[in-house]
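Heads up: the structure comes next, in structure tokens.
The values are calculated or read from the model by the stated rules, or taken from the named source; none is laboratory data. Everything numeric in this text was worked out from a predicted model, so none of it was measured. Cβ placement follows ideal geometry from the backbone for every residue including glycine, while neighbour counts extend to all protein chains displayed. Surface accessibility is based on the protein's heavy atoms, side chains included, excluding ligands, DNA and RNA. Shrake-Rupley method; radii C 1.70, N 1.55, O 1.52, S 1.80 Å.
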Amino acid sequence: MLSKKTKYGLKALIYIAKQYKSEPEPMPIPISDISDNEKLPRKFLETILLDLKKGGILSSKKGKGGGYYLMKDPKTITMDILMRVLDGPIAMLPCVSLNFYEHCDDCPDEEVCTLNHFMVEVRDNTLKLLQEKTLHDLTLM
């Protein structure tokens, strides 16, 4: 299940991506516009947008005419990147994570663990779908 942080983050990103124009310079979207139009709690949204900025997805401009804007074209931002920035590992178990691997304390041998093998398959299929979809694709749905 998606966390509220991820759900709100994706809704905000879709809203920002729909306004995206790269030329001559990106148009910053005020937090109040995102919050009002997407019905997202402003304080929580501020935290989420800062995380996306730290993750290299967004940048911001302060002052009059300020707000957040995408660092790259939405056609180049894949969903796996967004999911990792917003929610961390994509894998359902730490022992099958590609970027956040941890050995499971209760598993004596991953090579023969049926659950591990199944979760690798789940991870791979999920990752494939997330890598095929871009932020731009979500603006068209």
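Before moving on, here are some points about what is shown:
- Residue under evaluation Glu102, criteria (1) in contact with a helix residue (DSSP H, G or I) (Cβ under 8 Å, 6 or more places away or on another chain); (2) surrounded by 16 or more Cβ atoms within 10 Å (Cβ to Cβ), criterion not met: (2)
- If you filter region 130-141 down to residues that are of a type in the set (A, V, I, L, M, F, W, C) and more than 17 Å from Thr6 (Cα to Cα), you find that the one that is most open to solvent (accessible area, probe 1.4 Å) is Met141.
- Matching residues, region 90-141, being assigned to a helix (DSSP H, G or I) and acidic (Asp, Glu): Glu110, Glu111, Glu121, Asp124, Glu132, Asp137
- Subset of region 1-56 [on the phi > 0 side of the Ramachandran plot and open to solvent by less than 90 Å² (accessible area, probe 1.4 Å)]: Gly56
- If you go through region 80-92 and keep only what is within 14 Å of Leu127 (Cβ to Cβ) and either aliphatic (A, V, I, L, M) or touching a strand residue (DSSP E or B) at 6+ places or on another chain (Cβ under 8 Å) (or both), you end up with Ile81, Leu82, Met83, Ile90, Ala91, Met92.
- Some residue of region 44-54 being assigned to a helix (DSSP H, G or I), of a type outside the set (A, V, I, L, M, F, W, C) and modelled with pLDDT under 95: no
- Of the residues making up region 60-77, those that are outside any loop (DSSP other than H, G, I, E, B) and open to solvent by 30 Å² or more (accessible area, probe 1.4 Å) are Ser60, Lys61, Tyr69, Lys75, Thr76.
- Residue tally, condition outside any helix (DSSP H, G or I) and in contact (Cβ under 8 Å) with a residue 40 or more places away in the chain, over region 2-38: 8
- Asp80 in contact with a Gly (Cβ under 9 Å, 6 or more places away or on another chain), at pLDDT 95 or above and not small (Gly, Ala, Ser): no
- When residues of region 105-114 are limited to those that are open to solvent by less than 100 Å² (accessible area, probe 1.4 Å) and out of contact with any helix residue (DSSP H, G or I) (no Cβ under 7 Å at 6 or more places or on another chain), the one farthest from Ala91 (Cα to Cα): Asp109
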